[in-house]
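Notes follow the structure.
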Amino acid sequence: MMSIDILKETGALLEGHFLLSSGRHSNRYAQNAKLLQYPDKAAQVLSAVTEQIKDLEIDLLVGPAMGGIIVAYELGRQLGKRAIFTERENNVMTLRRGFEIHPGERVLITEDVVTTGKSSMETARVIEEAGGTVLGIACIVDRSKGEAPLQVYSAMQMDIDTYAPEECPFCKQGIPVVKPGSRKF
Ligand SMILES: [Zn+2]
């Protein structure tokens, strides 16, 4: 089964007419946590990423919390490599819990979704300050449109069209807008 079909089947990818938290409207809504609640399906989707990264000579996978943690764990499991996570402390991305990155280690950042790459770049800074080498970003869904600041390895690329409400074509057709996360699903 293709990654996109698994995302739809698990409710991680919805198609329709959505009100986003930004106030804009969209034709799609992605919530990768809905995929990650099924370990077997998550493993299947992420095996497409493992196939792309298996020759990178990775020492360590590092995912920013929350979205990157399970992706790091599953890719680490498939590759037989160590997987840790960064998290924010006083709003600054950092390593806690005794996690260490050693000088010279080759590190792949993991995310559930990449858009601007902001949290990835905060994690890249943590890796580089520890003396590690950043190899890129592995993720489930790449929404960066090729504009992420690092190489991206993804299970699928996806564009989500967003509109200001007054310009939304679905509103003009009279299609009711749905707020994702409401009980309508
Ligand atoms: Zn609309």
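Read-outs: derived from the displayed coordinates by stated rules, not from any lab. Treat the numbers as computed from the prediction; the structure is a model and nothing was measured. A quick note on method: Cβ atoms are made from the backbone with ideal geometry, for glycine too, and the neighbour counts reach across all protein chains shown.
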Conditions (1) within 11 Å of the ligand (Cβ to nearest atom); (2) free of Cβ contacts under 8 Å to residues at least 40 places away in the same chain; (3) touching a strand residue (DSSP E or B) at 6+ places or on another chain (Cβ under 9 Å) -> Tyr163 fails only (2)
Residue that is farthest from the ligand (Cβ to nearest atom), among those in the range 166-184 that are part of a loop (DSSP other than H, G, I, E, B) and surrounded by fewer than 12 Cβ atoms within 10 Å (Cβ to Cβ) | Arg183
Residues of the range 19-77 satisfying the condition of being within 23 Å of Pro103 (Cα to Cα) and under 14 Å from the mean Cα position of the chain (by Cα) | Leu61, Val62, Gly63, Pro64, Ala65, Gly68, Ile69, Ala72, Tyr73, Leu75
Look at the range 119-157 and say how many of its residues are over 14 Å from the mean Cα position of the chain (by Cα), surrounded by fewer than 20 Cβ atoms within 10 Å (Cβ to Cβ) and in a strand (DSSP E or B).
-> 1
Checked against (1) in a strand (DSSP E or B); (2) touching a residue at least 24 places away in the same chain (Cβ under 8 Å), Glu57 satisfies every condition except (1)
Write out, first by first residue and then by second, each pair whose Cβ atoms fall under 9 Å of each other, whose residues are 6+ apart or on separate chains, and whose first residue, in the range 7-24, is closer than 21 Å to Gln37 by Cβ and of a type in the set (Val, Ile, Thr) while the second is away from the ligand (no atom under 16 Å from the Cβ) and part of a helix (DSSP H, G or I).
-> Thr10/Lys34; Thr10/Leu35; Thr10/Leu36; Thr10/Lys41; Thr10/Ala42
